[in-house]
1. Return the single residue from Thr126, Thr180, Thr65 with maximal mean-square fluctuation; model: Gaussian network over the chain, springs between Cα atoms under 10 Å.
2. Per the helix-only calculation at 222 nm, which mean residue ellipticity applies to the chain, given -39500 (n - 2.57) for every DSSP H run of n ≥ 4 and division by its residues, nearest 500 deg cm²/dmol?
3. Show the residues, 5+ positions off or on another chain, whose built amide H is closer than 5 Å to the amide H of Val50.
4. Quote the accessible area belonging to Glu299 in square angstrom, nearest 10, computed with a 1.4 Å probe and with ligands, DNA and RNA left uncounted.
5. Which of the three applies to the range 11-83, rounded, prolate or oblate, going by the alpha-carbon gyration tensor with a ≥ b ≥ c and a/c under 1.5 meaning rounded?
6. On the accessible surface of the chain, probed at 1.4 Å, how many percent belong to carbon and sulfur atoms?
7. Using only the Cα atoms, work out Rg/Rh for the range 121-184, with Rh taken as the Kirkwood radius, to two decimals.
8. Leaving out ligands and nucleic acids, and using a 1.4 Å probe, what accessible area per residue does the chain come to in Å²?
Amino acid sequence: MTAVPQATSRNAVADTPFAAEYPFAHHYADVGGHRMHYVDEGSGPVLLCVHGNPTWSFAWRHVVTAFRDRFRVVAVDHIGCGLSDKPQEAAYTLDWHIENLGRLVERLGLTDITLVAHDWGGAIGTGLATRRPELFTRFVLMNTAAFRVSGIPFRIRVCRWPGLGPLGVRGFNLFAGMATTMTVERSLLPAAKAGYLFPYNSWANRVAVQRFVEDIPQRPGDASYDTLVAIEEGLAELQDRPMLLPWGMKDWCFSPKFLDEFRRRFPNAEVHEFADAGHYVFEDAKDELIDAMDAFFAE
């Protein structure tokens, strides 16, 4: 069995404006030939925090701090994101991300997992849960999806246009840059904004941001369409697991219609609607989110 990787002594964010916001030890594991970065704090039942695009484990900093005294909180950086390797020619499909997450979970020996997921992290995390349901006991899914929904918001579609999309997303950093304003109802503090943008500071380092956008499956034949269908069909197997759905109701991307679909599929789920929160619910309603999670775990 491969040895569990240890924390590195190299502090990748020591001299950044957001160092105080992200005071965690850095861990790395070899996943499919690439170095995957993750936070691993505390001990006890596992909270596996899975981010979407264009965030990274930095988004979970308040969750890590709030729960590491009672849980083992593992917050991953997908390959291509955060402090993980950013290979230029990798697959960057939904299935590829699921397989990478599965390799890390196996490498760390994680069981009795509560999945905490956001954005495309929901599809990735539930994708793994539908393949390995015995590993997962509870779900906290926020402003996310794990099923097909027709249509993509125009401002996302633009980022998929040939030529113009890569120029904007990778050349001018418009996707990650605009996300720091378009995803929140309350302005991010300078340190938080710097934290979100830190890993995506060059054309090469924005490869996954672009590929995530391009990989959104819309119709049969798209690279990740069959993978998403399989996840959607597998959700029924998870209906007996406790689920919390905290939702920023002013999200224009993963809008309340996604919440409605989760409610339809999981009628016993506990729902918390945050009326004045946007897509980054962990920023706009961080205290309320922590309280909702705390009460859910106590139940």
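The values are calculated or read from the model by the stated rules, or taken from the named source; none is laboratory data. All of these numbers come straight from a predicted model, not from anything done at the bench. Note that we place each Cβ from the backbone using ideal geometry, even for glycine, and neighbour counts take in every protein chain shown. These accessible areas exclude ligands, DNA and RNA; they are computed on the full protein's heavy atoms, side chains included. Shrake-Rupley method; radii C 1.70, N 1.55, O 1.52, S 1.80 Å.
1. Result: Thr65 has the largest fluctuation of those listed.
2. Details: 11 runs with 100 residues, N = 299.
Estimated from H runs of four or more residues: -9500 deg cm²/dmol.
3. Amide H to amide H, under 5 Å and 5 or more residues apart or across chains, Val50 pairs with Val116, Ala117, His118.
4. Approximately 150 Å² for this residue.
5. In terms of gyration-tensor shape, oblate.
6. Carbon plus sulfur share of accessible area: 51 percent.
7. A ratio of 1.10.
8. Numbers: 12300 Å² over 299 residues.
Ligands and nucleic acids excluded, the result is 41 Å² per residue.
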